[in-house]
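None of the figures in this text is laboratory data; all of them are computed from the coordinates on show. Quick caveat, the model's predicted, so the values are computed rather than measured. Here Cβ is always computed from backbone atoms with ideal geometry, including for glycine, and neighbour counts include all displayed protein chains.
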Amino acid sequence: MSQTPSAACCNTPPIVGQNYSAKGKYTTVDGLRTYQTGPAGAKKAILLIYDIFGFFPQTLQGADILATSDKDNDYQVFIPDFFEGNPADISWYPPDTDDKGKKLGNFFETTGAPPKAVARVPKLVDEIQKAHPEITTWGILGFCWGGKVTNLVSTEGSKFKAAAAAHPAMVDPADAPGVSIPFLMLPSKDEDEDAVSKWEAALKVPKKVQWFKNQIHGFMGARGDLSDPAVVADYEKGYQAVLTWFNQHL
């Protein structure tokens, strides 16, 4: 199932290419600095799991877009800092030298080990929910590394009603059978087509895979070059796809 979603639900603002001024604020949730954006009374919420580069302007702008661009729904959006102020350095990617490869490998084994984040997600949602009793339903969106985390927390008993992942890292078909909620995947040209195809085939839930084969891994997050009109067009299209998915399933 791979088709372009209708953007009828969405009215995304003009994309800011440089010097983006984030609209949200920072709070603390379960001891983690957390970016929070969107109308305070919104009844629907999205947990956004960033990529390994943390709070980049492109990611914060994406969160702000999600918060108010659906014509039918506003969302409160939360981005916890799982890396506690120590994200990976974007100069390490792509890992085209031994030194970069070692640094990235060490990051994934320590600070960025996905199971550490997976274990924290339920308590983070519970704490946010306690502080915001108006929230009645949750979606989750993950970028790159965050896509892996999203897949692993979208299982039976999940606190989320629907999930989405953009240019997900470490796609494993073995993760798919455990997914229990509707799932949207937006792979880039750098994702493994065979792995994605097998993952999609193994899903037992409503699903959509929409490829962005002209874009690099990370184009909706930290690695998106928003000075390039072609990237801006797909960046906007990607967020519209996520909004359409959540409009349908949350």
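Tabulated results
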read-out	value
Distance violations [Cα-Cα > 30 Å] among LYS25/LYS161; LYS100/LYS204; LYS204/LYS237; LYS198/LYS237; LYS159/LYS208; LYS103/LYS237	LYS100/LYS204; LYS103/LYS237
Extension gain (nm, one decimal) between ILE216 and ASP190, 0.36 nm per residue minus Cα-Cα	8.8 nm
Calculated log₁₀ intensity ratio I(q)/I(0) where the Debye formula runs over C-alpha points of segment 1-84, q = 0.14, 0.16 Å⁻¹	-0.51, -0.66
Contour minus Cα-Cα distance for ASN11 and GLU156 (0.36 nm per residue)	48.9 nm
Hydrodynamic radius of segment 69-198 per Kirkwood, over alpha carbon pairs, in Å	16.1
Equivalent ellipsoid semi-axes - Cα gyration tensor, segment 25-249, angstrom	24, 20, 19
Residues in segment 140-179 reached by a label modelled at TYR20 [backbone nitrogen below 20 Å; 7 Å Cα→Cβ]	140-148, 150, 164-169
Chain lengthening between THR111 and ASP98 when straightened (0.36 nm per residue, less Cα-Cα)	2.7 nm
Expected-Rg normalisation [2.2 N^0.38 Å, Cα atoms] applied to segment 185-242	1.19
Computed FRET value (nearest 0.05) for MET170 with ALA233, which takes r as the C-beta separation and R₀ as 35 Å	0.80
